[in-house]
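The values are calculated or read from the model by the stated rules, or taken from the named source; none is laboratory data. Computed from a predicted model, the values in this text were never measured in an experiment. FYI the Cβ positions are ideal-geometry reconstructions off the backbone, even for glycines, and counts take in every protein chain you see. Calculation scope for accessible area: heavy atoms of the full protein, side chains included, ligands and nucleic acids excluded. Shrake-Rupley method; radii C 1.70, N 1.55, O 1.52, S 1.80 Å.
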Amino acid sequence: MSRRTARVAAIVASVAAVLFVSACGSGGGDDPRTVTVVGNGEVTGAPDTLRAVIGVEATADDVSSALNESSTQVSAVTDAVVEAGVAREDIQTQQVDLSPQYANPAPGSTREISGYQATNTIRVTIRDIATASDVLAAAATAGGDNTRISNVAFAIDDDSDLMKQAREAAFTDARGRADQYASLSGDSLGDVQTINEQTSGQEQPTTMQRDSVAAAPVPIEPGQQTLTFSVTVTFELT
């Protein structure tokens with residue numbers, strides 16, 4: 001064998017040795033084996049807040065009359081709910097709308113404007129559930145037959161403690177599921193790789209029919225509200 005050939009063989013052997021050591025040290029470059037599970041947590045609590053949209057509708061022959069009537073009535077409604085115990089900063093204008101009303105045209109004729117309807121709504125947050133019935137009754141009395149109440153929903157104003165409980169329950173559930181899968185596959189549970197969460201149930205709507213609004217106190221039953229928390233966790237298997 002010539003000296004040149006011997007040197008080439010030595011270089012090739014050295015490179016092969018380096019590549020072998022590098023491969024051993026990197027563990028082959030394989031991705032870690034993992035298991036992904038979904039854990040669920042559920043807690044209940046008593047709602048302490050009621051939110052509702054209260055509005056008035058006024059119809060008149062001209063724009064100014066319709067707007068003036070709706071403005072006067074919504075101001076009366078606002079003052080009434082404040083008098084019933086709602087803080088003024090918990091009242092927010094939700095919508096102001098003005099639209100023409102059309103008479104039924106005779107066959108072959110065009111539609112004509114017969115008047116205008118103005119709608120003015122406010123969103124009210126009632127933080128004392130015990131006063132909710134009286135607040136809605138006061139609004140109905142102040143607005144009269146033009147009162148409209150919608151989007152009534154119970155909520156827990158500060159649900160941070162309940163969310164902590166639901167989050168803990170969901171993660172405990174996820175770890176228990178992952179532990180079981182690891183045991184079934186003959187592995188051990190390693191470190192957490194990823195966590196993704198999802199919540200629901202912060203507001204609980206309730207139905208209030210238009211014709212049920214009256215000057216008498218409106219029956220209000222908050223019941224219990226359920227907060228549901230789901231978490232998707234990926235664990236490493238070792």
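Here are some notes:
- Largest accessible area first, the listed residues 227, 98 line up as 98, 227 when surface is computed with a 1.4 Å probe on the assembled protein chains.
- When the surface is traced with a 1.4 Å probe over the full set of protein chains, residue 74 keeps roughly 20 Å² accessible.
- Distance from the Cα centroid of the range 153-172 to that of the range 108-122 is 47 Å (rounded to whole angstrom).
- Protection proxy ranking for 152-165, 53-66, using the average of other Cβ atoms within 10 Å per residue and placing the highest first: 53-66, 152-165.
- Classified by the C-alpha gyration tensor, the range 74-195 has an oblate form. Its axis ratio a/c, with a ≥ b ≥ c, is 1.5 or above, and a/b does not exceed b/c.
- Segment residue 40-residue 193, extension gain: residue separation times 0.36 nm, minus the distance between their alpha carbons: 53.2 nm
- Rounded FRET efficiency, nearest 0.05, which uses the C-beta distance separating residue 226 from residue 79 and R0 of 25 Å: 0.10
- Taken per residue, the accessible surface of the range 148-198 reaches 63 Å², heavy atoms only and a 1.4 Å probe.
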